[in-house]
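*Asks:* The structure under discussion is supplied below as structure tokens; questions concerning it will follow.
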Amino acid sequence: MTSDWNTLRLERDGHVGRLVLNRPDKLNSFTVEMWRELRTLGQELVADPGDLRALVVIGAGRAFSSGIDTTVFTGGGGGGGGGDSIADGDDAGTRHEDPVVDSIMRTQESYSWLETAPFATIAAVRGYALGAGLQIALACDIRVFAHGVSVGLLEHKYGIIPDLGGTQRLPRLVGPGKAKEMIFTAARVDGDESYRIGLCEHLVPDEELDETAFDLATNIAGQPPLAIREAKRAVNASFDHPMADGLRIEAEGQGVCLPSKDMREAITAVIEQRDPVYRGN
């Protein structure tokens with residue numbers, strides 16, 4: 001696992017990881033280098049999660065992320081400038097014949113692994129989560145917001161659209177009408193409104209954000225890892241597949257869990273009236 005990151009910090013506490021967006025002096029605004037590092041880190045964690053069972057994504061300092069660093073538009077976005085620089089060193093081929101679209105699709109991969117990873121991902125958001133910042137939170141499985149947040153997709157202010165999953169993930173949380181309103185008007189919403197419309201699952205005082213997110217991650221990390229992985233895959237499939245296919249994926253997931261040592265451990269722990277110790281097999 002690579003550990004030498006310029007814009008990120010990865011910490012471990014048992015089965016729980018903490019991914020810190022680490023540009024606090026710039027309110028953790030995203031640069032090309034930051035997207036590249038996130039993409040590489042995601043590839044490594046998904047390929048070999050080790051004993052990681054839950055990952056909290058949080059921003060260093062007083063903001064989760066204020067969005068895109070505007071120097072990206074002028075070629076000074078850290079690590080090289082120019083959107084296609086995220087592909088440096090990538091020999092996996094192109095995603096699209098249009099180089100601009102290809103670059104965007106590569107950048108989308110910087111976030112998408114959070115949605116598909118075999119472990120749970122939790123966004124812990126304080127301060128600002130704007131534009132690209134909100135879009136990484138949307139890619140996580142669960143969102144915990146602190147009172148005082150200001151969140152929104154502001155891309156229309158720059159004459160562009162949310163292109164890092166925002167147009168796809170926001171409607172799944174708040175519905176298409178509300179998502180269109182937020183995107184079309186570049187609206188900012190606070191914590192109370194975010195919780196009311198389903199944009200976050202938890203809303204807590206700022207001083208309780210870190211503890212709440214870590215406790216939630218610890219709770220999830222104590223569940224059977226195979227069941228978490230398969231349940232996550234099945235729930236994600238509910239948005240992308242017809243019911244019949246979703247039921248098949250659900251059954252396939254159960255087919256993995258039923259013969260597992262984790263299931264035997266769960267039953268044994270119930271009988272012996274003790275906490276289970278899961279191994280993920």
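*Asks:* Look through region 7-33, keep the residues that are in contact (Cβ under 8 Å) with a residue 60 or more places away in the chain and not in a strand (DSSP E or B), and return whichever of them is most open to solvent (accessible area, probe 1.4 Å).
*Replies:* His15
*Asks:* At pLDDT below 95, open to solvent by 40 Å² or more (accessible area, probe 1.4 Å) and not hydroxyl-bearing (Ser, Thr, Tyr): does that describe Asp48? Reasoning before the result, please.
*Replies:* Numbers: at pLDDT below 95: yes; open to solvent by 40 Å² or more (accessible area, probe 1.4 Å): yes; not hydroxyl-bearing (Ser, Thr, Tyr): yes.
It is true that Asp48 is at pLDDT below 95, open to solvent by 40 Å² or more (accessible area, probe 1.4 Å) and not hydroxyl-bearing (Ser, Thr, Tyr).
*Asks:* Residue check: is Ile136 in contact (Cβ under 8 Å) with a residue 60 or more places away in the chain and of a type outside the set (S, T, N, Q)? Spell out the reasoning first.
*Replies:* Values: in contact (Cβ under 8 Å) with a residue 60 or more places away in the chain: yes; of a type outside the set (S, T, N, Q): yes.
Yes, satisfied.
*Asks:* Go through region 250-280 residue by residue and tally those that are surrounded by 15 or more Cβ atoms within 10 Å (Cβ to Cβ) and more than 23 Å from Leu52 (Cβ to Cβ).
*Replies:* Total meeting the criteria: 1.
*Asks:* Only residues in region 48-74 that are part of a helix (DSSP H, G or I) count as the first member; pair them with residues that are among the hydrophobic types (A, V, I, L, M, F, W, C) and open to solvent by less than 10 Å² (accessible area, probe 1.4 Å), Cβ under 8 angstrom, at least 6 apart or cross-chain, and list the lot.
*Replies:* Listed pairs, sorted by first residue: Val72/Phe30; Val72/Val32.
Every residue, every condition in (1) within 16 Å of Glu37 (Cα to Cα); (2) out of contact with any Ser or Thr (no Cβ under 6 Å at 6 or more places or on another chain); (3) open to solvent by less than 10 Å² (accessible area, probe 1.4 Å), yes or no:
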{"site": "Val100", "(1), (2), (3)": "no, yes, no"}
{"site": "Ser112", "(1), (2), (3)": "yes, yes, no"}
{"site": "Ala124", "(1), (2), (3)": "no, yes, yes"}
{"site": "Gly127", "(1), (2), (3)": "no, yes, no"}
{"site": "Ala132", "(1), (2), (3)": "yes, yes, yes"}
{"site": "Arg143", "(1), (2), (3)": "no, yes, yes"}
{"site": "Glu155", "(1), (2), (3)": "no, yes, no"}
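*Asks:* Taking the residues in region 248-266 that are among the acidic types (Asp, Glu) and touching a Pro at 6+ places or on another chain (Cβ under 8 Å) as candidates, determine which candidate is nearest to Ser238 (Cα to Cα).
*Replies:* Going through the qualifying residues, I end up with Asp262.
*Asks:* Just need a number here: residues in region 203-221 that are buried (at least 16 other Cβ atoms within 10 Å of the Cβ) and in contact (Cβ under 8 Å) with a residue 60 or more places away in the chain.
*Replies:* 11
*Asks:* Just give me the residues in region 155-210 being at pLDDT 95 or above, part of a loop (DSSP other than H, G, I, E, B) and over 15 Å from Val125 (Cβ atoms), in sequence order.
*Replies:* Answer for region 155-210, where residues must be at pLDDT 95 or above, part of a loop (DSSP other than H, G, I, E, B) and over 15 Å from Val125 (Cβ atoms): Ile161, Pro162, Asp163, Leu164, Gly165, Gly175, Ala186, Ala187.
*Asks:* May I pose another question? Does Ala251 qualify as being in contact (Cβ under 8 Å) with a residue 40 or more places away in the chain, under 23 Å from Asn281 (Cα atoms), part of a helix (DSSP H, G or I) and more than 22 Å from the chain's Cα centre (by Cα)?
*Replies:* Taking the combined requirement at face value, the residue does not satisfy it.
*Asks:* Do the conditions hold for Gly93, that is, is it at pLDDT below 85 and crowded, with 16+ Cβ neighbours inside 10 Å? Even if it seems obvious, please write down each step before you answer.
*Replies:* Working: at pLDDT below 85: yes; crowded, with 16+ Cβ neighbours inside 10 Å: no.
Criteria not met by Gly93.
*Asks:* Before we move on, is Ala234 in contact with a helix residue (DSSP H, G or I) (Cβ under 6 Å, 6 or more places away or on another chain) and under 19 Å from Cys140 (Cα atoms)?
*Replies:* Yes.
*Asks:* So the check is Cβ under 6 Å with 6+ separation or different chains; which pairs have a first residue in region 148-167 that's among the polar types (S, T, N, Q) and a second one that's crowded, with 16+ Cβ neighbours inside 10 Å?
*Replies:* Ser150/Tyr128; Ser150/Arg188
*Asks:* Are any residues in region 57-78 open to solvent by less than 10 Å² (accessible area, probe 1.4 Å) and either out of contact with any Pro (no Cβ under 9 Å at 6 or more places or on another chain) or among the aromatic types (Phe, Trp, Tyr) (or both), and if so, which ones?
*Replies:* Correct list: Val57, Ile58, Phe64, Ser65, Gly67, Gly77.
The values are calculated or read from the model by the stated rules, or taken from the named source; none is laboratory data. Small disclaimer: the values here were computed from a predicted structure and weren't measured. Here the Cβ is made from the backbone with ideal geometry for all residues, glycine too, and neighbour counts use every protein chain on show. Only protein heavy atoms, including side chains, enter the accessible area calculation; ligands, DNA and RNA are left aside. Shrake-Rupley method; radii C 1.70, N 1.55, O 1.52, S 1.80 Å.
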